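As structure tokens, the structure follows; a few thoughts come after it.
The values are calculated or read from the model by the stated rules, or taken from the named source; none is laboratory data. All figures in this text were calculated on a predicted structure; none of them were measured in a lab. Please note: Cβ atoms are built from the backbone with ideal geometry, for glycine as well, and neighbour counts cover all protein chains shown. The area values use the complete protein model at the heavy-atom level, side chains included, leaving out ligands, DNA and RNA. Shrake-Rupley method; radii C 1.70, N 1.55, O 1.52, S 1.80 Å.
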Amino acid sequence: MPKECFAIGKRAVVCQDTEMKGEIDIGSGTVLHPQCKILAESGPIIIGSNNIIEENVTIINKQPTPLIIGDENVFEVGCYVEGSKIGNKNIIEAKARVLGNTSLGDNCVIGAVCSTKKDEAIPNNTVIYGDHHNRRTQTASGGVSFNK
Amino acid sequence: MEPPIVYYPRSEYIETDTGNKVSRKSVICGSQNIILGGKTIIQTDCVIRGDLRRTGGGHAVVVAIGRYCLLAKGSIIRPPYKTYKGYYPMKIGDHVTIGEGSIVEAATIGSFVHIGKNCVIGRFAIIKDCCRIEDNTVIPPNTVVPSFSIYEGSPGMFVDELPECVQDLYEAKTKDYYSKFQSKDS
């Protein structure tokens, strides 16, 4: 039975009505909207900074190894995340599912209602979209380029 | 083929003077910023985010819902947002049915609209009057769904046209559902 322990960074916003269980570490500037569920059932969950976790998102860690979520991700309404590692700047759109042991790189987009297979390592800059999900392309290098 | 009478335990719903029936198990954030037209039903596990608003006074109404609407179980209504600009107010018309588990982030929804189950309506979508969105549709952000159309699939595409009588059809359907949604002392 994992001990209940929350470490919440500064400027993070955790709304009422969120369900949090187990050992959770939330970075600074992260926002948890109401009705989201962070369940560190078997192992701890470490969430980075400046993430947005919207309503009805379920983040579960069913493995004893910690689930590490990077910075600046957006978890849109109703998604379900069970992977082993999530990088930075990803967008997981509404009702998407990240299953099993998959790990997500940086700058990925998992489209609405799409899901990953179990045990995949998704490289950086991947976009999963479409009706028969698992149709993937590489985006051009994502992110913002600054003028020097 | 008449729909059956649906009973709900009286203690589970709040009924207002204007005939709105709101489940106590729904999550209504920022209820002072939400307007319900009247005779609207909000079922269990619905989430309405009336607390997502721009700072700085101005609009006081974040979510405006019309009359005879139905928000089925588990639906989520939240206003759309633009980065660096904040959340925009959202307006839903009369006689709108939103199916179970649907996520609605649209900017406006017209009247006489039927949205199926498990739909995802993207940000800033505009759904005009008298439309039908089939089950499991994903409407991409910024889409404009024209009147009298049926959208289906992911991404949502125009599949069929609706006849002009659909206005009377949906009006009768929503009024009928409201009258059959009755409380029972359990």
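Out of A:Ile59, A:Ile91, A:Ile69, one residue alone is of a type in the set (A, V, I, L, M, F, W, C), closer than 24 Å to B:Asp45 by Cα and modelled with pLDDT of 90 or more. It is A:Ile59. Of a type outside the set (Phe, Trp, Tyr), within 13 Å of chain A (Cβ to nearest Cβ) and on the phi < 0 side of the Ramachandran plot, is that true of B:Ile28? When the stated conditions are applied, B:Ile28 passes them. When the stretch B:13-51 is filtered for residues that are more than 17 Å from B:Thr97 (Cβ to Cβ), open to solvent by 40 Å² or more (accessible area, probe 1.4 Å) and not small (Gly, Ala, Ser), the ones remaining, listed by number, are B:Ile14, B:Glu15, B:Thr16, B:Asp17, B:Thr18, B:Arg24, B:Lys25, B:Ile28, B:Gln32, B:Ile35, B:Asp51.
Kindly check whether there is at least one residue in the stretch B:4-11 that is under 19 Å from B:Tyr170 (Cα atoms), in a loop (DSSP other than H, G, I, E, B) and not hydroxyl-bearing (Ser, Thr, Tyr). Yes, the stretch B:4-11 contains a residue that is under 19 Å from B:Tyr170 (Cα atoms), in a loop (DSSP other than H, G, I, E, B) and not hydroxyl-bearing (Ser, Thr, Tyr). Of everything in the stretch B:78-125, what is surrounded by fewer than 20 Cβ atoms within 10 Å (Cβ to Cβ), of a type in the set (Val, Ile, Thr) and assigned to a strand (DSSP E or B)? Give them in sequence order. Matches in the stretch B:78-125: B:Thr108 only.
The set of residues from the stretch B:159-185 being touching a residue at least 12 places away in the same chain (Cβ under 8 Å), open to solvent by 80 Å² or more (accessible area, probe 1.4 Å) and in a strand (DSSP E or B) comprises B:Glu161, B:Lys184.
State yes or no: is B:Tyr151 under 17 Å from the mean Cα position of the chain (by Cα) and in a strand (DSSP E or B)? The answer is yes for B:Tyr151.
Considering B:Ile98, B:Ile76, B:Ile92, B:Ile121, the condition of being at the interface with chain A (Cβ under 10 Å from one of its Cβ atoms) and touching a residue at least 24 places away in the same chain (Cβ under 8 Å) is satisfied by B:Ile76 alone. If you go through the stretch A:110-129 and keep only what is surrounded by fewer than 19 Cβ atoms within 10 Å (Cβ to Cβ) and either out of contact with any strand residue (DSSP E or B) (no Cβ under 7 Å at 6 or more places or on another chain) or hydrophobic (A, V, I, L, M, F, W, C) (or both), you end up with A:Lys117, A:Lys118, A:Asp119, A:Glu120, A:Ala121, A:Pro123, A:Asn124, A:Val127.
Comparison of A:Ala94, A:Ala121 shows that the only residue that is free of Cβ contacts under 8 Å to residues at least 24 places away in the same chain and within 14 Å of chain B (Cβ to nearest Cβ) is A:Ala94.
Kindly indicate whether A:Ser42 is surrounded by fewer than 17 Cβ atoms within 10 Å (Cβ to Cβ), part of a loop (DSSP other than H, G, I, E, B) and hydroxyl-bearing (Ser, Thr, Tyr). Give the derivation first.
On the way: surrounded by fewer than 17 Cβ atoms within 10 Å (Cβ to Cβ): yes; part of a loop (DSSP other than H, G, I, E, B): yes; hydroxyl-bearing (Ser, Thr, Tyr): yes.
In short, yes.
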